[in-house]
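I have placed the structure first, in the form of C-alpha cells, so that the comments after it can refer back to it.
The values are calculated or read from the model by the stated rules, or taken from the named source; none is laboratory data. Because the structure is predicted, anything quoted here is derived from the model rather than measured. For neighbour counting, all protein chains shown are included, and Cβ atoms are generated from backbone atoms with ideal geometry for every residue, glycine included. Each accessible area value is taken on the protein alone, full model and side chains, heavy atoms only, with ligands, DNA and RNA left out. Shrake-Rupley method; radii C 1.70, N 1.55, O 1.52, S 1.80 Å.
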Amino acid sequence: MTANTLLTFYRSLSRHKLFAALNVLGLALGIAVFLVLTLIVRYESTFDRWLPHASQIYRLDSIWSLPGETPKEYTETTFVAFDLLRQDFPQIESGTRIWSPGATIKAGSIIDTDHVSYVDPGFFDVFDLPFVQGERLHALAPGSVVVTESVARKYFGTTRAVGRTLQVNRDGKVSSLAIAAVIRDLPKDSTVAFSLITVITPSVKEGVPSFRRWGSSSGPIFLRFHSPGSVEQVRRGLWDFVASRAAGPGENQEGSEHPEDQLKLVLVSLPDTHFHDLGLDAQVPGADRRVVLSLGTIGALALAMAAVNYVNLATARSDLRAREVALRKVVGATSYMLVLQFLAEALSLVGFAALFGFAITELAVPVVNAIGGWAISIDYAVVVPAMLLLVVVLGLGAGLYPSLVLASYRPAQVLASARMPGGGRLGGRLRQALVLAQFSGAVAFIICTLVVDSQVDFLRNADRGFERDGLIIVKSLQTSGLSDRQNSILDALRGVPGVVSATRGSREPDSNSNNGTDVSIPGRPGPNPSMLYETVGRDYFQTYGVRLVAGRLFDANRVVDDSAGTASLDRITKSAPHRTVSTIINMSALPVLGFADTEAALGRHFSLDGDPTLNVIGVVQDVRFMSPREPVSPEFYLYSSGPIDDAQAAIRTHGVGREEIMQRLETAWRRVVPDEPFLAQTADERLEEFYKPDQQHARLFSGGAILAITIAIIGLYGLAAFSTTRRVREIGIRKTLGASTQNLLLLLVGQFTRPVLLANLIAWPIAWAAMRAWLSGFDERIALSPFYFIAASVAALALSTFTVAGQAWRVARAEPARALRHE
C-alpha cells in the first residue's frame with residue numbers, strides 16, 4: 001500500500017509539475033526566512049547566557065534625578081558604594097568593580113592602544129571566564145595582568161604568553177605587568193568586553209575620584225548573588241542604603257541631607273542588559289527589543305504566508321484530482337484512507353521543501369552575518385529536531401484542509417459531471433481570501449521597507465551642525481601623557497600639506513558626553529538647570545564648520561575668552577575665581593537659560609555654582625555628536641589656550657585623498673610623538689556606529705519585502721495558471737458571443753488583481769501604526785507621507801498584473817473553435 005501511495009503521489013506531481021515546483025519553492029523560501037530570522041532572534045535573546053551562572057550576575061545601575069531634568073539611568077555607578085554594599089548585604093556572594101581607561105601598550109617594538117580593565121580580586125568569582133593558560137588562583141596578583149588570546153597574538157604572535165611582560169602607559173605613568181594568564185576571546189554575543197585585566201591597586205584608587213566620592217562614577221559594578229530571593233532582599237534595601245550611606249558632609253558623601261531624592265540604585269540582570277542598555281550611557285550599545293521581536297514576527301509571517309500559499313495551490317490542485325478520488329472510492333477506498341494518503345503526500349512535499357529551505361539557510365547565514373554584523377550559526381542539535389517538528393506541524397496544518405476537500409468528493413457527481421469540480425463558491429472565496437492575506441503582508445512589508453530606507457537615508461544626509469566632509473578626528477591626542485605637548489602636536493599637524501586647519505576639544509563625533517554641570521542664573525528662582533559643557537581650542541568652530549548664529553567666536557588675543565586652560569570645571573573654578581569668563585552657547589540652551597532669542601542672550605550672564613561668571617558672547621547652531629535618536633542637549637563652550645583633558649584633535653583637510661592624507665598626518669605625528677600610536681578616523685567613520693543598526697534593519701526589511709512579495713507572486717501565478725486552464729471553454733463561449741481579446745484580458749486581469757487592491761485596506765493601517773511607533777524613537781525623522789503607501793500599492797499591483805497577464809493573454813487569444821473543444 002505504501003508503494004502504491006508513493007507511486008500515486010509521484011504520478012500526481014509529474015502530471016502537474018508547475019504546481020509541485022511552485023509549492024516547493026514557496027515553502028522553501030518561507031522556511032528559509034523563518035529559520036534565518038529565528039536564528040537572529042535566538043542570538044539577540046541569549047546574550048551573555050554562555051557565561052556560567054549568568055542568571056546570578058547583576059549590574060548595579062544609577063538613576064540620577066537632578067533638578068529640572070528627567071531621571072536618567074547610567075550603567076556606571078560610584079565605586080565608593082562597593083565596599084559598603086558588601087558590608088550591609090551578606091546576600092552578595094561576590095562582586096567586582098571595573099574601571100577600563102585607555103592606555104598605550106608596548107611589547108618590544110609593537111605599540112598600540114587598548115583598554116585595561118582594573119578589577120577587584122573577586123572578578124573571576126563573578127565572571128567565570130575560560131582560561132587557556134595560567135592559573136585562576138594567582139591570575140590577579142599585584143603586578144600581573146590577564147590577557148585575551150587576540151591580545152597575546154597581537155603583541156607576541158602566540159597565545160603561549162604567560163611570563164611575558166607588557167609596558168602599560170596610562171596617564172603618563174608607565175608600569176610593567178607580567179602576563180599571569182591567557183583567557184579565550186569572549187564570544188560576540190557578550191555585553192561585557194575585556195582585553196587586559198589587572199587588579200585595582202591603592203595608587204589606582206587614589207587617582208580615581210569615584211573610589212572616594214558618591215557623585216563621581218567611573219565604571220560598572222557587578223554583583224553575584226546566591227539565589228533570586230537574595231536579589232529581591234537587596235533590591236528592597238537599596239533605598240535605605242542610599243539614604244543612610246550617602247548622607248552627610250565629607251568627601252565620601254554626596255553632601256545632601258536626602259541623597260535618596262537624587263540617587264537611586266537598581267539591579268539589572270546580566271542577560272537582560274543587552275536589551276536594557278538601549279539608549280543608556282553604555283560602552284556597548286544595547287539592542288532594540290521591539291526590532292528583535294519584529295524580526296521574529298517577520299519570520300513567522302513569512303512561514304505563515306508560505307503555508308497559506310501551499311493551502312491555496314493545494315486546494316486548487318485538488319480539483320484536478322477529483323476523478324482520481326472518485327474512481328478510488330468506487331473501488332473501495334474510504335474517506336479516512338484518502339485523508340491519510342493526502343496528508344502523507346503533504347508531509348512528503350513539506351519535507352522536501354524543508355530540505356531545500358535548510359540548504360538555502362546554510363547559504364544565507366554567512367551573508368546575513370556580513371550584512372547585519374551578527375555571529376549566528378546553525379546548532380544542528382537544536383535545529384534538526386526543530387525542523388522535524390516544523391515539517392510535521394506544517395505538513396499536517398497546511399495539508400489538512402486540501403485533504404478534507406479531496407476526500408469529500410462524491411463519486412457519482414464527479415463522474416457524471418462534464419467538467420472537474422471547482423470547489424464551488426466557497427472554494428473560490430477561500431482562495432481569494434488567502435491571496436488577500438498574502439498580499440496584505442507583502443504590501444505592508446513594502447511600505448515598511450520604503451519608510452525605513454528613507455529614514456536611514458535622511459539620517460545620513462541630515463545636517464548635524466558641522467561639516468563632515470574632509471574632517472579627520474585624531475583620538476591619540478587624548479593620552480594624558482601628551483597634555484603638555486598638545487599645542488606642538490597640533491602645530492605639526494597644521495603644517496601637513498592638504499590640512500586647512502586643526503583644533504582640539506573635549507568632545508568628538510560619536511560622543512554621548514556626560515560632562516554636565518548645574519548652572520545658576522542671576523535673579524531666577526527654582527532649581528538650577530543642568531547643561532553639557534565642552535572646552536575647545538583655537539579655531540574650533542572654524543575647523544568643524546559650525547555656523548555662528550549671533551555674536552562672535554572666541555578670540556585667542558582676548559584674555560577674558562581664556563578659561564584657564566583645562567576641561568575640568570573644578571580646576572576652572574579654582575584657577576579663575578571671582579572673574580568673568582566668555583562662553584558660547586548652542587541654540588538648545590536658549591530656552592533652558594530663559595533667553596527669548598539669540599540677540600537677547602548676548603551679554604547675559606550665568607555662573608557655575610556662583611563662581612566663575614560666564615558671559616555669553618555668541619550663539620552657535622546645535623551640533624549633533626550623539627545618536628540621531630537622542631535630542632540635542634543644551635550646551636556651553638569654554639575656550640582654553642592650555643592643555644585640555646581627554647582632548648580630541650580635529651583636522652580639516654581639502655584636496656587630498658583619505659589614504660594619502662592619513663599617511664601624511666601619521667608621518668608628522670611620529671616626528672613629534674614617536675612613542676604613541678597614531679589613531680585617526682574620518683568623521684563619517686566615527687559616526688558609522690550610529691547608522692549601522694538602522695542600516696541593518698533597512699536591509700532586513702528589504703529582504704523581507706522581496707521574499708514576501710515573491711511568495712505572494714508564486715501563489716498568484718499558480719492560482720492564475722489553474723483558473724485560466726479551467727476557464728478555456730468559458731472564454732471560447734464569450735468570444736463566440738462577440739467579446740474581444742482586450743475585453744477578456746481586462747476581465748481576467750481585473751478578477752485576479754481585485755484581492756491585491758483590497759489588500760491595501762488591510763496593509764495600510766498596519767504599516768502606518770508600525771512605522772509611526774518606529775519613527776517615534778528618533779529625535780529627527782521623516783514624515784509618513786502618502787507617497788510610501790501609494791508607491792507600495794502601485795508596485796504590488798504592477799507585479800501582480802505582470803504575473804497574471806501572461807496566463808490571461810494566452811487564454812484570451814485562444815481560437816473559439818479550439819477553446820470549445822477543450823476539456
Can you tell me which residues in segment 124-153 are under 19 Å from SER175 (Cβ atoms) and either surrounded by 15 or more Cβ atoms within 10 Å (Cβ to Cβ) or of a type in the set (S, T, N, Q) (or both)? ALA139, LEU140, SER144, VAL145, VAL146, VAL147, VAL151, ALA152
Condition first: in a strand (DSSP E or B) and touching a strand residue (DSSP E or B) at 6+ places or on another chain (Cβ under 6 Å). Can you find one or more residues in segment 661-668 that meet it? no
Restricting segment 504-529 to residues that are among the small types (Gly, Ala, Ser) and at pLDDT 80 or above, the one farthest from SER640 (Cα to Cα) turns out to be SER520
Can you give me the ranges of the strands (runs of 3 or more DSSP E) entirely in segment 67-150 with at least 2 residues that are over 34 Å from the mean Cα position of the chain (by Cα) and in contact (Cβ under 8 Å) with a residue 24 or more places away in the chain? 102-107, 131-134
Members of segment 262-294 that are part of a helix (DSSP H, G or I) and modelled with pLDDT of 80 or more: LEU270, PRO271, ASP272, THR273, HIS274, PHE275, HIS276, ARG289, VAL292, LEU293
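Matching residues to (1) part of a strand (DSSP E or B); (2) touching a strand residue (DSSP E or B) at 6+ places or on another chain (Cβ under 8 Å); (3) open to solvent by 10 Å² or more (accessible area, probe 1.4 Å); (4) at pLDDT 80 or above:
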residue	(1), (2), (3), (4)
VAL452	no, no, no, yes
ASP457	no, no, yes, yes
ARG485	no, no, yes, yes
ASP491	no, no, yes, yes
VAL500	yes, yes, yes, yes
Counted residues in segment 160-174 being in contact with a Pro (Cβ under 8 Å, 6 or more places away or on another chain) and either open to solvent by 60 Å² or more (accessible area, probe 1.4 Å) or of a type in the set (A, V, I, L, M, F, W, C) (or both) come to 1
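Here is a yes/no grid of residues against (1) under 15 Å from GLY296 (Cβ atoms); (2) at pLDDT below 90:
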{"residue": "ARG15", "(1), (2)": "no, yes"}
{"residue": "LEU27", "(1), (2)": "no, yes"}
{"residue": "LEU37", "(1), (2)": "yes, yes"}
{"residue": "SER55", "(1), (2)": "no, no"}
Quick check, is VAL33 surrounded by 21 or more Cβ atoms within 10 Å (Cβ to Cβ) and out of contact with any Lys or Arg (no Cβ under 9 Å at 6 or more places or on another chain)? yes
Which condition from (1) at pLDDT 90 or above; (2) more than 26 Å from ASP272 (Cβ to Cβ); (3) hydroxyl-bearing (Ser, Thr, Tyr) is the one that THR113 breaks? (1)
Every residue from segment 361-374 that is open to solvent by 50 Å² or more (accessible area, probe 1.4 Å) and in contact (Cβ under 8 Å) with a residue 24 or more places away in the chain: ILE371
What tally of residues in segment 61-99 results from selecting those that are open to solvent by 50 Å² or more (accessible area, probe 1.4 Å) and of a type in the set (S, T, N, Q)? 2
Can we say ARG431 is modelled with pLDDT under 85, part of a helix (DSSP H, G or I), among the basic types (Lys, Arg) and more than 38 Å from the chain's Cα centre (by Cα)? yes
Just one listed residue, out of PHE606, PHE625, PHE595, PHE636, is over 14 Å from GLU534 (Cβ atoms) and crowded, with 20+ Cβ neighbours inside 10 Å, and it is PHE606
Report yes if PHE722 is modelled with pLDDT under 75 and aromatic (Phe, Trp, Tyr), otherwise no. yes
Going by what's in this entry, would ILE766 be described as among the β-branched types (Val, Ile, Thr), within 30 Å of SER294 (Cα to Cα), crowded, with 21+ Cβ neighbours inside 10 Å and modelled with pLDDT of 75 or more? no
Qualifying positions in segment 215-237 - within 21 Å of GLN262 (Cβ to Cβ) and exposed (fewer than 13 other Cβ atoms within 10 Å of the Cβ): ARG236
Scan segment 730-754 residue by residue and report those that are modelled with pLDDT of 70 or more and hydroxyl-bearing (Ser, Thr, Tyr). THR736, SER740, THR753
Name the pairs whose Cβ atoms lie under 7 Å apart, with the first residue in segment 777-792 and within 30 Å of SER633 (Cα to Cα) and acidic (Asp, Glu), the second open to solvent by 60 Å² or more (accessible area, probe 1.4 Å) and modelled with pLDDT under 85, and 6 or more positions between them or separate chains? ASP779/GLU630; ASP779/PRO631
Given the criterion at pLDDT 90 or above and of a type outside the set (Ser, Thr, Tyr), identify the matching residue among ALA576, ALA589. ALA589
Is one or more of the residues making up segment 46-60 hydroxyl-bearing (Ser, Thr, Tyr), out of contact with any strand residue (DSSP E or B) (no Cβ under 6 Å at 6 or more places or on another chain) and open to solvent by less than 10 Å² (accessible area, probe 1.4 Å)? no
Of the residues in segment 584-636 that are assigned to a loop (DSSP other than H, G, I, E, B) and small (Gly, Ala, Ser), the one that is farthest from GLN695 (Cα to Cα) is GLY610
From the set of residues in segment 778-809 that are of a type in the set (S, T, N, Q) and part of a helix (DSSP H, G or I), which is most open to solvent (accessible area, probe 1.4 Å)? THR801
The conditions are (1) among the β-branched types (Val, Ile, Thr); (2) open to solvent by 10 Å² or more (accessible area, probe 1.4 Å); (3) in a loop (DSSP other than H, G, I, E, B), and ILE644 fails exactly one of them. Which is it? (2)
If you take the residues of segment 652-666 that are touching a residue at least 12 places away in the same chain (Cβ under 8 Å) and surrounded by fewer than 15 Cβ atoms within 10 Å (Cβ to Cβ), which of them is nearest to the chain's Cα centre (by Cα)? ARG658
